[in-house]
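Structure first, commentary second.
Just so it is clear, none of the values below were taken in a lab; they were calculated from the coordinates. Being a predicted model, the structure only gives us computed values, none of them experimental. Note that each Cβ is placed from the backbone with ideal geometry, even for glycine, and that neighbours are counted across all protein chains shown.
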Amino acid sequence: MELAPIHANVSNESIHVALGGGDLYYFKYQFLNSHPHIVLPCLVILVVASVVGTAGNILILLAVARTKELRNVESFFIVNMACSDLYVTLIADPMNIVDYLITV
C-alpha cells in the first residue's frame, strides 16, 4: 500500500492541504461559523490569560529588581523569559483578540 504525498500551503488567512485524492481548505477561525457558542468563552479566556500573564510577568520583573538576592545568573534567564512573555501578553495576544473580533 502506497501512501499519497501530502502538501500544505499555509498563509495568513487559510491552510490549503493537498492530499493524494483531494484538496482541503481550512480558513482562519472557520470553526466559529459552525460553532458560534464558542466565541464568547474563547474571547474571555484570551482576555483573562493576557491580563493575568501581563500582571505575573510584571511581578517577576519587580521582584528581581527589588530583591538583591535574586540578581544572579539564574534570575537573568527568568527575567529574559518574563520580558519575552510580556511581549506576547501585551502585543501578540491583544492583536489576536482584535483579529478574532474583526473576523467574527
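M95 - would you say it is surrounded by 11 or more Cβ atoms within 10 Å (Cβ to Cβ) and without any contact (Cβ under 8 Å) to a residue 12 or more places away in the chain? No, not satisfied.
Within the stretch 80-104, the set of residues being within 12 Å of the chain's Cα centre (by Cα), of a type in the set (A, V, I, L, M) and more than 17 Å from I58 (Cα to Cα) comprises M95, I97.
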